[in-house]
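This report refers to the structure that appears directly beneath it.
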Amino acid sequence: MSRAAGGNLMCTDQSQDMSSDGCLCHRRPFGFSRRGFLKAGAAAGFLGGLALPAFAQDKMPTPNSISPDEALKRLMDGNSRYVANTSRNKDFSVERAARAAAQYPIAGLVSCADSRVSPEICFDQGLGDLFVVRLAGNFVHEDGLASLEYGVKVLGMPLIMVLGHSSCGAVAATIKVMKENIVLPGHLPALVDAIRPAVEIAEKSNPTNLLDASIAENVRYNVDKLMKATPIISEFVANGEVKVVGAVYDIASGTVTLL
């Protein structure tokens, strides 16, 4: 980049196409056209080092060129291996080198930040297989949605799973705040506000265990939110290219149950 007469910035790389797509340094992260990605190739520096698959090769099958149902089957089969203590992803040294140039995740996950929940382990998947967004309460917010849009639009993942878990502290805290009018410190009220709608829905059915019902409802609520998320994910869902599912992980047994 240099500054031309009149103070306007111009690109000094004469190899760049200065057509309507503009040079790479002028483009907005999520405003790329398909033609722009062809020119960008496998630009590993994009979005802070997220490895890009080369769109120039998108006519050829990639490791994640599978159906949403096949991706889900791989996850659930992996969970069965994990529960049976027969996990096969144990040596990551070879995978590190193999994944250095690009990533081809088969699924994106919205998972809780709880330290007892590790999606790669509980689904017995290798490095680069899962594109995970983690935060307490496993709900969808704007930043997480942008990450999932990237995974769908750029990385080509065919599946998104919202994964709740048993004994979720974030959901339990939300119930406590709602029942006892407790005021939480810091930014915790924002977390409660995000989970509250699911708890309110669960309360309407008068469940015997409000926590378990709210955990499941929180998953369903965010699955629905993702399926309607415009403009990217909803389009891929409507076209059958992406499936959004919900599940709950039982911490004690390790079992993942689809909702």
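The values are calculated or read from the model by the stated rules, or taken from the named source; none is laboratory data. Note that the structure is predicted; figures quoted are calculated from it, not measured. In this analysis, Cβ positions are derived from the backbone assuming ideal geometry, glycine residues included, and neighbour counts consider all displayed protein chains.
Check ARG196 against each of (1) touching a residue at least 12 places away in the same chain (Cβ under 8 Å); (2) of a type outside the set (A, V, I, L, M, F, W, C); (3) surrounded by fewer than 14 Cβ atoms within 10 Å (Cβ to Cβ); (4) not in a loop (DSSP other than H, G, I, E, B) and name the one condition it does not meet.
So the condition that ARG196 fails would be (3).
When the stretch 171-222 is examined, which residues are found to be in contact with a strand residue (DSSP E or B) (Cβ under 8 Å, 6 or more places away or on another chain) and not hydrophobic (A, V, I, L, M, F, W, C)?
Result: ASN218, ARG220, ASN222.
Tell me which residues, restricted to the stretch 199-230, are assigned to a loop (DSSP other than H, G, I, E, B) and either under 22 Å from the mean Cα position of the chain (by Cα) or more than 26 Å from VAL245 (Cβ to Cβ) (or both).
Matches in the stretch 199-230: ASN206, LYS228, ALA229, THR230.
Which one is nearest to SER253 (Cα to Cα), of the residues in the stretch 50-81 that are among the basic types (Lys, Arg) and modelled with pLDDT of 95 or more?
ARG81
Give SER147, SER167, SER214, SER205 a once-over and let me know the one that is exposed (fewer than 15 other Cβ atoms within 10 Å of the Cβ), touching a residue at least 12 places away in the same chain (Cβ under 8 Å), in the same structural domain as SER118 (by TED's automatic domain parsing) and polar (S, T, N, Q).
On inspection, the qualifying residue turns out to be SER167.
Farther than 26 Å from SER147 by Cα and touching a helix residue (DSSP H, G or I) at 6+ places or on another chain (Cβ under 7 Å): which single residue out of LEU226, LEU191, LEU184, LEU259 fits that description?
LEU184
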